[in-house]
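Heads up: the structure comes next, in structure tokens.
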Amino acid sequence: MNFDHSDHMSVRIGVVAFNKDAEVVYPLGHHKDFQTFANDMFSEKKLKPTQVAELNLKRGLELADNQLIQHGREKVQKAIFLYSSAYTEAGDDNALQISYNIRESGIYIITVAYVEDGDNPYGVEELGKLASPRMNLTSLDPRGVVGPAQDALCQVNCFCPTNWEQLVVANRKFGECYFLNNIAANWVAGNIECTNMSPHKQGQLALINSDVKSATLQTMAIQRWKEEKMTAPLNYLIGLKYDDASKKYIWEGGITNLNYTDWEEGYPKLDEGKCVADYLNIYGQMKWKNLDCVAGTSFPMCQISTCDSEHYCPPNMVTDIYDRMRMKKPLIRRLRQYY
């Protein structure tokens, strides 16, 4: 872990201990290097076992939340690791509401229920009620805790820039973000625009390789059309194009070995064009149809990789995609004329 706070990609850790009350043992950002953190956690042993029977999960979460609110950085993902060997919903100590409020604010909660010797005298496995989806861990897991905890942190650190939609299936986040541009363009101009509006200039028209992804993008597009009160028929450009050299349809990026297709009945039709767009048909289904790469226009469905430890999204990056779209209108007009 990188504790160098001059580096925007560093981590900051705080520690809160709780039983019948709670206290901040180490404020958020207290440690400046990993060795000091390790020594404080495992040598001084400020986190000592207690014989106090009362448990105030609510107060523990409140203190952790306050640390993140008061000392947290903007544009940085935040998580609370809640480690406990007991759980209660009794009286004023009920933590369900505060956990809900924390999760709704965008902070993740990862719970670790420690069950000693297979016993569960305090219903600690119910601790998962406080967790974010798929982030309820337990010491009874045959995989242990370390691997699932690392996976949970990877999920936390995998997110999209503002106004981009992340691909999420069964509460599992994937490393893909999508944005449907409401300015029509031809295929070439649309693909360039996807690159220009992406944080790392690595965007492209979307690759669709499964029914799940197709349905996700369709739902996203329909919602966008409603929000924008769009009157144009729902359709969007995708990153598929016919290649004369190989005589195959190739996805942007050179991918050719995908078995998935979703053509409208009677398609593909090369006489209508070598590029491809997704159209809403009379049955309410999005289906692929050919369009001319130069004369044909549709709305670019852009795809980028998520922000994470390898694709850092700095706090000062341009995140208002609507401003970027307004800035790019002259560019798209020029590209339409040129291609």
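Taking the condition of being without any contact (Cβ under 8 Å) to a residue 60 or more places away in the chain and touching a Ser or Thr at 6+ places or on another chain (Cβ under 9 Å), how many residues in segment 155-170 meet it?
Pass one, segment 155-170, residues without any contact (Cβ under 8 Å) to a residue 60 or more places away in the chain: 155, 165, 167-170.
So of that shortlist, the ones also touching a Ser or Thr at 6+ places or on another chain (Cβ under 9 Å) come out as 155, 165, 167-169.
So the answer is 5.
If I ask for residues that are touching a residue at least 12 places away in the same chain (Cβ under 8 Å) and of a type in the set (A, V, I, L, M, F, W, C), which ones from segment 123-153 would you list?
Here is the first cut: in segment 123-153, the ones touching a residue at least 12 places away in the same chain (Cβ under 8 Å) are 123-140, 145, 149, 152-153.
Once the filter is applied, which keeps residues that are touching a residue at least 12 places away in the same chain (Cβ under 8 Å) and of a type in the set (A, V, I, L, M, F, W, C), segment 123-153 yields VAL124, LEU127, LEU130, ALA131, MET135, LEU137, LEU140, VAL145, ALA149, ALA152, LEU153.
Among the residues of segment 202-239, count how many are assigned to a helix (DSSP H, G or I) and either hydroxyl-bearing (Ser, Thr, Tyr) or free of Cβ contacts under 8 Å to residues at least 60 places away in the same chain (or both).
Step one: filter segment 202-239 for residues assigned to a helix (DSSP H, G or I), giving 211-228.
The next check asks that each one be either hydroxyl-bearing (Ser, Thr, Tyr) or free of Cβ contacts under 8 Å to residues at least 60 places away in the same chain (or both); those that pass are 211-216, 219-220, 222-228.
Qualifying residue count for the region: 15.
Would you please name the residue that is surrounded by the fewest Cβ atoms within 10 Å (Cβ to Cβ), looking only at residues in segment 86-98 that are within 16 Å of TYR114 (Cα to Cα) and in contact with a helix residue (DSSP H, G or I) (Cβ under 6 Å, 6 or more places away or on another chain)?
If we filter segment 86-98 for residues that are within 16 Å of TYR114 (Cα to Cα), which is where we start, we get 86-88.
Next, from what is left, pick out any that are in contact with a helix residue (DSSP H, G or I) (Cβ under 6 Å, 6 or more places away or on another chain): 86-87.
On the way: ALA86: 18, TYR87: 21.
That would be ALA86.
Let me confirm something: among ARG172, ARG224, which residue is of a type in the set (Lys, Arg) and in contact with a strand residue (DSSP E or B) (Cβ under 8 Å, 6 or more places away or on another chain)?
Working: ARG172 fails: in contact with a strand residue (DSSP E or B) (Cβ under 8 Å, 6 or more places away or on another chain).
After applying the criteria, what remains is ARG224.
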Can you tell me which residue is surrounded by the fewest Cβ atoms within 10 Å (Cβ to Cβ) among those in segment 100-150 that are modelled with pLDDT of 90 or more and of a type in the set (Ser, Thr, Tyr)? SER105
Tally time: how many residues in segment 226-259 are closer than 15 Å to MET301 by Cβ, among the hydrophobic types (A, V, I, L, M, F, W, C) and at pLDDT below 90? 2
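Among the residues of segment 185-202 satisfying the criterion of being within 19 Å of the chain's Cα centre (by Cα) and at pLDDT below 90, which is surrounded by the fewest Cβ atoms within 10 Å (Cβ to Cβ)? Lay out the reasoning, then the answer.
Going residue by residue through segment 185-202, those that are within 19 Å of the chain's Cα centre (by Cα) are 194, 197-202.
Right, trim to at pLDDT below 90 and you get 197-202.
Working: MET197: 22, SER198: 22, PRO199: 20, HIS200: 15, LYS201: 9, GLN202: 12.
Selected residue: LYS201.
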Taking interchain pairs and intrachain pairs at least six residues apart, which have beta carbon atoms under 9 angstrom, with the first residue in segment 271-297 and within 22 Å of TRP225 (Cβ to Cβ) and the second in a helix (DSSP H, G or I) and among the hydroxyl-bearing types (Ser, Thr, Tyr)? ASP278/SER214; MET286/SER214
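Of all residues in segment 71-85, how many are at pLDDT 80 or above and in a loop (DSSP other than H, G, I, E, B)?
We begin by selecting, within segment 71-85, every residue at pLDDT 80 or above; these are 71-73, 76-85.
Checking which are in a loop (DSSP other than H, G, I, E, B) leaves us with 72-73, 76-78, 85.
Count: 6.
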Count, please, the residues in segment 169-198 that happen to be under 30 Å from ARG12 (Cα atoms) and either assigned by TED's automatic domain parsing to the domain that holds ALA131 or among the charged types (D, E, K, R) (or both). 3
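The values are calculated or read from the model by the stated rules, or taken from the named source; none is laboratory data. Values in this document were obtained by computation on a predicted structure and should not be read as measured data. All Cβ positions, glycine included, derive from the backbone under ideal geometry; neighbour counts span all protein chains shown.
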